[in-house]
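First comes the structure, then the notes that go with it.
The values are calculated or read from the model by the stated rules, or taken from the named source; none is laboratory data. Computed from a predicted model, the values in this text were never measured in an experiment. Note that we place each Cβ from the backbone using ideal geometry, even for glycine, and neighbour counts take in every protein chain shown. Surface areas here come from the heavy atoms of the whole protein model, side chains and all, with no ligands, DNA or RNA. Shrake-Rupley method; radii C 1.70, N 1.55, O 1.52, S 1.80 Å.
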Amino acid sequence: MNLKHPWRMTSAAGLLSLPLLLCGCSLFGNEAASIDPPPSTIEQSMIKAVSGKAPVTTGQLRAVFLQDHNGLLAPVSLPIATGDVQADAKSALETLVVGGSYSGLLPEGFKGILPQGTDVKNVTVDKNNKLAVVEFNQSFGSYKPEDERKLMESLTWTLTDRPEIKSVQIWVDGKKLNQMPVGGTPLDHPLTRAVGINMEIGHGVTPLNSSPVTVYFSSSSPAGVQYYVPVTRLVNPEKDRVQAALHQLIEGPQTKDGLQEVMTGETALKSIERSKDNVITVSLSDDMFAKGEAIPAEFLESVVLTAADNSEDAAKAKIRIELNGEKSVIGQNNQNYGEPVAKPQHINEIPL
């Protein structure tokens with residue numbers, strides 16, 4: 001790599017005052033089908049009674065959206081899944097509770113967003129409508145007003161990480177909420193990923209005449225572990241959503257909150273092509289990289305994550321990357337991104 005061109009080091013910020021988005025967004029990944037059977041209900045209760053903590057499995061990872069040390073939400077894959085959709089949804093929400101039973105499992109620099117003392121009383125999944133109905137106790141409403149949008153984003157994106165759930169309805173002590181209890185955000189319809197995550201407005205964009213795209217930038221934990229952070233940015237409408245998202249990825253983060261640009265100042269999007277078998281070919285140019293040079297994984301993975309999440313079906317899309325006309329693009333992780341690559345099942349496996 002020619003180091004005479006510095007990487008830009010800017011960042012992105014969440015907006016608390018934006019209204020809920022009304023357009024649909026794709027699901028965030030999927031889980032492997034082969035898992036260990038869950039312990040029986042009696043065994044689960046015994047483990048919790050003895051340890052004082054919810055039981056933790058190591059058979060399957062489950063992504064939950066935690067708050068990082070910069071105040072942004074990021075997916076973190078934790079070994080908490082058992083294979084039962086409703087049980088997994090409940091345990092995933094329990095990881096979001098500040099000081100909850102899973103707090104010791106969270107990596108350094110990450111914490112939950114649900115208020116301390118929140119009890120996830122029940123989660124029911126309507127499989128036909130892919131709707132999760134979640135019931136909390138009264139402590140759910142003890143969050144700070146400025147955390148309302150972030151809380152909604154965290155629980156919505158956590159639950160909809162599984163393909164079995166696309167929308168979320170919130171109840172408190174047996175009553176359906178028509179608005180959030182602190183800031184009064186309307187809950188006229190079930191929450192979906194259209195709520196966005198780490199929301200921001202693009203430069204020169206009017207929110208009422210805009211479209212959302214979700215891009216993935218890089219960040220680092222206090223221990224120096226790299227991970228990816230999704231940012232939903234409102235941009236001027238374009239016909240091709242993948243193209244619009246990649247343009248924003250190249251533009252980079254907007255404000256200083258710990259996010260790192262994954263592209264260089266020389267990166268340019270040349271073309272996007274689609275095949276009938278859901279393969280999206282992204283052609284980039286960047287004269288910072290010599291022919292045959294291994295490319296940073298953050299550069300390539302961010303393209304895969306961003307292109308997949310803004311495609312029509314993130315779970316089925318596969319991404320091919322061409323760089324400087326080369327059809328074989330090898331990352332520093334030894335993966336060939338010149339071959340179709342699916343969105344990773346598990347993102348941000350961060351050690352404790």
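A few comments on the model shown:
- Listing of strands (runs of 3 or more DSSP E) fully contained in segment 57-156 that carry 2 or more residues being within 20 Å of the chain's Cα centre (by Cα) and aliphatic (A, V, I, L, M): 60-67, 73-81, 131-136
- Flag if Leu131 is of a type in the set (A, V, I, L, M) and in contact with a Pro (Cβ under 7 Å, 6 or more places away or on another chain): yes
- Filtered residue count, segment 226-236, keeping only those that are surrounded by 16 or more Cβ atoms within 10 Å (Cβ to Cβ) and under 19 Å from Asn348 (Cβ atoms): 6
- Between Thr214, Thr192, the distinction of being in contact with a Lys or Arg (Cβ under 7 Å, 6 or more places away or on another chain) and surrounded by 16 or more Cβ atoms within 10 Å (Cβ to Cβ) belongs to Thr192 only.
- Residue check, Ser167 of a type outside the set (D, E, K, R) and farther than 21 Å from Ala315 by Cα: no
- Qualifying position, being out of contact with any helix residue (DSSP H, G or I) (no Cβ under 6 Å at 6 or more places or on another chain), within 19 Å of Val231 (Cβ to Cβ) and either of a type in the set (Asp, Glu) or open to solvent by 20 Å² or more (accessible area, probe 1.4 Å) (or both), among Asp257, Asp313, Asp277: Asp257
Listed here are the residues, each with its yes/no results for (1) among the small types (Gly, Ala, Ser); (2) touching a residue at least 40 places away in the same chain (Cβ under 8 Å); (3) farther than 18 Å from Leu191 by Cβ.
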| position | (1), (2), (3) |
| --- | --- |
| Ala89 | yes, yes, no |
| Leu96 | no, yes, no |
| Phe110 | no, yes, yes |
| Thr124 | no, no, no |
| Ala132 | yes, yes, no |
| Phe140 | no, yes, no |
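- Taking the criterion of being within 24 Å of the chain's Cα centre (by Cα) and either open to solvent by 50 Å² or more (accessible area, probe 1.4 Å) or on the phi < 0 side of the Ramachandran plot (or both), the residues of segment 195-211 that qualify are Val195, Ile197, Met199, Glu200, Ile201, Gly202, His203, Val205, Pro207, Ser210, Ser211.
- Restricting attention to segment 328-347, the residues that are within 17 Å of Leu284 (Cα to Cα), open to solvent by 20 Å² or more (accessible area, probe 1.4 Å) and not in a loop (DSSP other than H, G, I, E, B) add up to 2.
A quick yes/no check of all residues on (1) at pLDDT 95 or above; (2) of a type in the set (D, E, K, R); (3) farther than 27 Å from His69 by Cα:
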residue	(1), (2), (3)
Thr267	yes, no, yes
Ser275	no, no, yes
Ile280	yes, no, yes
Gly292	no, no, yes
Pro296	yes, no, no
Val303	yes, no, no
Thr306	yes, no, no
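- Selected residue (only one of Ala268, Ala223 is open to solvent by 20 Å² or more (accessible area, probe 1.4 Å), of a type in the set (Gly, Ala, Ser) and closer than 28 Å to Asp287 by Cβ): Ala268
- Matching residues in segment 195-223 - criterion: being at pLDDT below 95 and out of contact with any strand residue (DSSP E or B) (no Cβ under 7 Å at 6 or more places or on another chain): His203, Gly204, Thr206, Leu208, Asn209, Pro222, Ala223
- Residues in segment 67-95 that are closer than 18 Å to Ser142 by Cα and in contact with a Phe, Trp or Tyr (Cβ under 8 Å, 6 or more places away or on another chain): 3 in all.
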